[in-house]
């Protein structure tokens, strides 16, 4: 044996779930989005679904992605790793995926709102920006 | 020491000790009683053949009795076979025996065990209901019968709950399950459960004595 | 009670179809004047004394499955759970666990099994005597292989010691012990009968030959009620040209000591036959058509003697079968359909199952077998002394109906057996139910159809 | 000290953007299975909250718990917890030493009396007057009692401070005990694990800072949000257990196929922790996924529950000798019983 490849070890992804297997949760989520949208329109109440806390198979996620599709807006936020914000083909339904610095998904949410909070510029940041910009112009001007 | 440690540790150790102590005590106590020689002229010299024959053939009812005993025997068979499958086919149980004896054998799929357990429990309930309702059985039954039923039923029931994680935390269920087995082991030598050993001795005795005479066995 | 008292208070009834006591209404089910404590003590001692590894194995093994009930004619006929065979031993199981089992000390110290009381024993008298013929059918159904019948035999030892034998059975056994025969067939009566029968039937019936190769014996039932059997026996043995004899010091094959549970009486009765056979220098002892006599001598005789018997022991049906098969007995063919009733002690428990069938084949008959036959045959209900006990009549008749149904279902013209006790029970049943079937004796059937030389 | 009053201001001061703070709150809320909307409320509450004063005492420990938190795979995210607290005393992390460190702690204990959060890692030796671990001449035992007095709550981080851990293992030479063995009158939360998952430490601290109280605890003081399920319940190999497919050795076909490790002694069924869901090293894997059974490190006495490789369904002790003794004893007892019966029988026989 002169090579690591000669060692008779096979590495198999041990995930026992079949890719074709749907748990039925994707369908439930889609119906919940419907309810959240109705509530949002009638009362203005924001809604969110935490996908991380639900047992979803790869096929479930695929079904969600295919059903919701990609809408007009997509954004990327660079704070301690990436955060992807994508509007789906259903306006007001947003898919937010939070990554760590290392690129691992640390949170995955569907939000029903006009604009997700994390996308908005925080008022205090705006105020601080104003100060900084004023300082800059004052210094040069 | 938590409950599971107690169950897996001292409880099992002492239960197993009482188990072997009681079994040998009872068997030796019976077998060493006096036996008188038989001087009568044997019709068949091969009495051991009769012992084997009766041990084997008494496992099913003779045609003449079948109609009256079929139900009882069938239910009995169901839960006995069920118990064997559960005790010797379930992977965690095999590990238990491996730890005791070093012997290993292939296990059965858990789905088979679960189904078997359900059937066994149902059969045991039928057996109990029958014992409580049949006039003959009600007359014959004593504490031993009901307690032996309980200590047989309990490990199967608690085992199923443990596998299903139902009713309490797993470690508590597992501990209760093991304790129920410990109770079974402790009771085993002193009650009717000993029939699992005595059946061979008793049948063999009659088989040999009767074969000698050429009597019906 | 003196002998005269016994005879006057408990006179035996000898003129009825079955033997019994004349005055069954005046019960004498508790013999002697012992205090109750002592009765129990004696019962337990006798039971424990005869106890061995075999009985212990049996008593330890019962799982209370109740299947033995389904094999017992008394339970099946009445559906009364108290007739469950193993239940009949309950006080003795209790006593065993307390006195002789491996955990006896524990049971005693913690009083887990109560001491048996005399009331219990009295209550169980009916179960141990009246409702058990010791036919052993239950032994064959027991999934643990427990020989319940043998345990009932042991229990009777205890009951006898306690003086708790049913009136009639005790009276009969006592008479047998005193006179050598339970029905008044004293040696003198027997000799007279043989003489008279020899004259009447023009047949040579040797009694008390000094030397003989074969000693024949009779059951008192035959002597007193079916004397044709004596003639038949003589005819056949003469037909074979054998040097044979009856012995007035050993002719009575019934053993009511055994049935009542009195070991001493049993031993005495058996030893008479053994000594008589040895005295004649015989090589063969032929037992008559009597069920329990076969068990008593064929299987227990040598053990009572303490060593192997110096002669062969054959039941008359076995003897007939041997001589039919070797062609020594020649018979005319019998042109009738026929069914055979297996006597429990000879067939199921004695092992002589095929012999009577071989004899019948010699007569050119293949018996129409009953539905449950050979070792699984239903008992007539009268064995084990039950037929003597008047108290047992109601359940005995109920059990007998099973037997009648069995026989009727065959549609056979004749009914044959080789046990005079069965025959007596059948006769009594026939009378009671006005049944059209009469039980015939296999022995007499052969004798009546001998081919003249 | 002229640090800003509120957490929000403080974070801004340290260059942490409000978006990253919101992201942190989102991730923590998701981890603790709080309602998704809670993240914003949490962020709002936190930004207005004062920095929580925290005193961290290390007793008989290996520093693994601190290592777990500070060297976690996604340091930026979990370490944000340090932005939210005022860690007034932590021997390993603080710059100060000796008298200065001691007085910083005393100062914090005085100024935040009744409000500070006490974090403890390591068990407390009690034998021989607690001499086996002392700091500045004061035994751990006395230090704990002193520090606990003014604490709003206590968080025991790691199995040692939660249940005694490895120092407590048989024969426990130092008489090590857990925090809750000593302190009875304060809310105590146990965050066991050897070490605990960094996100679990961070999440539970964030919860306390946000809500000012401890989350719901189980019967042995663990936050239910992380310790409600067994490893076995959430294990990706669970289907193999249900099918009865087990690896028999670490290098057999079953092991290669990723079958259940129950037979190899996995303690997953009796171990309550979040390893199977949150995993380690930023979600890369956890012990079972790496091919080794769970040791049960977040459970009390995990070190004394027999070999790590002894399956759960087997007896803990090797009973061969005691069972052999039982057998011999049984033979003797049986022989005596039979002998007595025989003697009894002979006796009756002779009487006759």
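Looking across C:189, C:210, C:215, one residue alone is surrounded by fewer than 21 Cβ atoms within 10 Å (Cβ to Cβ) and either touching a strand residue (DSSP E or B) at 6+ places or on another chain (Cβ under 6 Å) or not in a helix (DSSP H, G or I) (or both). It is C:210.
Counting only helices (runs of 4 or more DSSP H) that sit completely within region D:236-352, those holding 3 or more residues that are closer than 30 Å to residue D:157 by Cα correspond to D:275-278.
Taking the listed residues D:312, D:340, D:328, D:316, the one that is touching a residue at least 12 places away in the same chain (Cβ under 8 Å), closer than 30 Å to residue B:190 by Cα and touching a helix residue (DSSP H, G or I) at 6+ places or on another chain (Cβ under 9 Å) is D:312, with no other qualifying.
Pairing each residue of region D:224-245 that is more than 7 Å from chain B (Cβ to nearest Cβ) and without any contact (Cβ under 8 Å) to a residue 24 or more places away in the chain with any residue that is part of a loop (DSSP other than H, G, I, E, B) and surrounded by fewer than 18 Cβ atoms within 10 Å (Cβ to Cβ), provided the two are 6+ apart or on different chains, yields C-beta distances under 6 Å for D:224/D:216; D:224/D:218; D:239/A:16.
If only residues of region C:31-61 that are part of a loop (DSSP other than H, G, I, E, B) and touching a helix residue (DSSP H, G or I) at 6+ places or on another chain (Cβ under 7 Å) are counted, the one that is surrounded by the most Cβ atoms within 10 Å (Cβ to Cβ) is C:51. One residue stands out in region B:96-129 among those that are in contact with a helix residue (DSSP H, G or I) (Cβ under 7 Å, 6 or more places away or on another chain), farther than 14 Å from residue B:163 by Cβ and in a helix (DSSP H, G or I): the one that is nearest to the other protein chains (Cβ to nearest Cβ), namely B:127. The helices (runs of 4 or more DSSP H) found wholly in region B:133-217 and carrying at least 3 residues that are more than 10 Å from every other protein chain (Cβ to nearest Cβ) occupy B:143-164, B:170-187.
Picking from residues in region C:428-447 that are part of a helix (DSSP H, G or I) and touching a strand residue (DSSP E or B) at 6+ places or on another chain (Cβ under 7 Å), the one that is surrounded by the fewest Cβ atoms within 10 Å (Cβ to Cβ) is C:445. Would a scan of region C:246-269 turn up a residue that is crowded, with 22+ Cβ neighbours inside 10 Å, within 14 Å of another protein chain (Cβ to nearest Cβ), over 23 Å from residue C:425 (Cα atoms) and free of Cβ contacts under 8 Å to residues at least 60 places away in the same chain? Taking every residue of region C:246-269 in turn, none turns out to be crowded, with 22+ Cβ neighbours inside 10 Å, within 14 Å of another protein chain (Cβ to nearest Cβ), over 23 Å from residue C:425 (Cα atoms) and free of Cβ contacts under 8 Å to residues at least 60 places away in the same chain. For residue B:82, the conditions (1) more than 10 Å from every other protein chain (Cβ to nearest Cβ); (2) surrounded by fewer than 16 Cβ atoms within 10 Å (Cβ to Cβ) are fulfilled apart from (2). Taking residue C:165, is it buried (at least 23 other Cβ atoms within 10 Å of the Cβ), touching a residue at least 60 places away in the same chain (Cβ under 8 Å) and either in contact with a helix residue (DSSP H, G or I) (Cβ under 9 Å, 6 or more places away or on another chain) or closer than 30 Å to residue C:398 by Cα (or both)? Answer is yes for this residue.
Kindly indicate whether any position in region D:207-229 is surrounded by 22 or more Cβ atoms within 10 Å (Cβ to Cβ) and under 30 Å from residue B:106 (Cβ atoms). No, that holds for no residue.
Within the option set C:381, C:375, being part of a helix (DSSP H, G or I), over 15 Å from residue C:443 (Cβ atoms) and not assigned by TED's automatic domain parsing to the domain that holds residue C:74 holds for one residue only, C:375. Any residue that is modelled with pLDDT under 95, at the interface with chain C (Cβ under 10 Å from one of its Cβ atoms), in contact with a helix residue (DSSP H, G or I) (Cβ under 9 Å, 6 or more places away or on another chain) and not in a helix (DSSP H, G or I) - is there at least one of those in region B:12-32? Yes, region B:12-32 contains at least one residue that is modelled with pLDDT under 95, at the interface with chain C (Cβ under 10 Å from one of its Cβ atoms), in contact with a helix residue (DSSP H, G or I) (Cβ under 9 Å, 6 or more places away or on another chain) and not in a helix (DSSP H, G or I). Taking the numbered list (1) assigned to a loop (DSSP other than H, G, I, E, B); (2) more than 8 Å from every other protein chain (Cβ to nearest Cβ); (3) modelled with pLDDT of 90 or more in turn, residue B:60 passes all entries but (3).
In region C:66-165, counting only helices (runs of 4 or more DSSP H) that sit wholly within it, the ones holding 2 or more residues that are more than 26 Å from the chain's Cα centre (by Cα) span C:90-99, C:104-109, C:118-125.
When residue C:302 is tested against (1) farther than 20 Å from residue C:205 by Cβ; (2) touching a residue at least 12 places away in the same chain (Cβ under 8 Å); (3) buried (at least 21 other Cβ atoms within 10 Å of the Cβ), just one condition goes unmet, and that condition is (2).
The values are calculated or read from the model by the stated rules, or taken from the named source; none is laboratory data. Because the structure is a prediction, the values reported are computed rather than measured. FYI the Cβ positions are ideal-geometry reconstructions off the backbone, even for glycines, and counts take in every protein chain you see.
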